[in-house]
1. Out of everything in the range 49-65 that is out of contact with any His (no Cβ under 8 Å at 6 or more places or on another chain) and closer than 14 Å to residue 171 by Cα, what residue ends up being surrounded by the fewest Cβ atoms within 10 Å (Cβ to Cβ)?
2. Just to verify a result, which residue in the range 140-178, among those that are hydrophobic (A, V, I, L, M, F, W, C) and surrounded by fewer than 16 Cβ atoms within 10 Å (Cβ to Cβ), is nearest to the chain's Cα centre (by Cα)?
3. Within the set of pairs 6+ apart or on separate chains, which have a first residue in the range 100-125 that is on the phi > 0 side of the Ramachandran plot, a second that is in a strand (DSSP E or B), and C-beta atoms under 9 Å apart?
4. Please go through (1) over 20 Å from residue 48 (Cβ atoms); (2) in contact with a Leu (Cβ under 8 Å, 6 or more places away or on another chain); (3) at pLDDT 90 or above for residue 139 and return the number of the only condition it doesn't satisfy.
5. Of all residues in the range 179-191, how many are touching a residue at least 60 places away in the same chain (Cβ under 8 Å) and over 15 Å from the mean Cα position of the chain (by Cα)?
Amino acid sequence: MSKYKFIALFGLLGFAVACERPTPPASGNAAGAAYNLAAYLQAQAKRLQAEKPTVIKRAKTEDKAAETIKTSEVDWEDELAIFQDVDISKPSLREYYTEEKQPFGNNLTAYTYTKTAEAEAPVQHLTLQTNREQKLQGMEAVLLEENMLFYSKRKVTLSTNPATGNITGYQINGVQKLVFGDSLHYNVTAIIQEH
């Protein structure tokens, strides 16, 4: 597959994800929220836009061979938008999540937010790992959206540099299905090559 076909394929995946994406909640660290994910992502998008690092992206759908592209031309605000979708700090959302705080080795703490049964929010659960300095060490979330015509489930993972907390890569594993169509399973992985 040519570079341009790969970009078109990746663009279609992005479009499909964007079409199912609700308006992100307003940013802000609500009372009880352990980490201001929205502010972190905005700062990272600004940093990456200025630094223009090279990114290696790999996309795979169904039984087709994986395709890889290497580029430094990335719109980082758009690229990180899916992670903004998992921000649950808006007070109207936070009340629908239970929080579990778990300290573990190397001065790290994991905060896990799990959606209550009555909530209609797409984020099923969100886990944030931070160190003593509150630098993000990792993030994982599962989003589920379904209605009579459409089903989508995505697991998104963000990895960071332990020393700086800066994003070093991410992964999206998902499946989506229209009521009269076949399921589309996809995987997108990106590695950011730091300078």
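The values are calculated or read from the model by the stated rules, or taken from the named source; none is laboratory data. Everything numeric in this text was worked out from a predicted model, so none of it was measured. Positions of Cβ are backbone-derived with ideal geometry, glycine not excepted, and every protein chain shown enters the neighbour counts.
1. Filtering the range 49-65 down to residues out of contact with any His (no Cβ under 8 Å at 6 or more places or on another chain) leaves 49-50, 52, 54-60, 63-65.
Adding the requirement that they be closer than 14 Å to residue 171 by Cα leaves 55-60.
Values: 55: 20, 56: 14, 57: 20, 58: 16, 59: 22, 60: 17.
Within the range 49-65, the match that is surrounded by the fewest Cβ atoms within 10 Å (Cβ to Cβ) is 56.
2. Only one residue tops the list, namely 144.
3. Every condition considered, the pairs that remain are 106/137.
4. The number of the failed condition is (1).
5. The initial filter retains those residues of the range 179-191 that are touching a residue at least 60 places away in the same chain (Cβ under 8 Å), namely 184-191.
Narrowing the set further to residues that are over 15 Å from the mean Cα position of the chain (by Cα) leaves 184-185.
Total satisfying the criteria: 2.
Table: residues versus (1) surrounded by 12 or more Cβ atoms within 10 Å (Cβ to Cβ); (2) more than 22 Å from residue 137 (Cα to Cα); (3) modelled with pLDDT of 90 or more; (4) touching a His at 6+ places or on another chain (Cβ under 8 Å).
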{"position": "87", "(1), (2), (3), (4)": "yes, no, no, no"}
{"position": "93", "(1), (2), (3), (4)": "yes, yes, no, no"}
{"position": "106", "(1), (2), (3), (4)": "no, no, no, no"}
{"position": "109", "(1), (2), (3), (4)": "yes, no, yes, no"}
{"position": "120", "(1), (2), (3), (4)": "no, yes, no, no"}
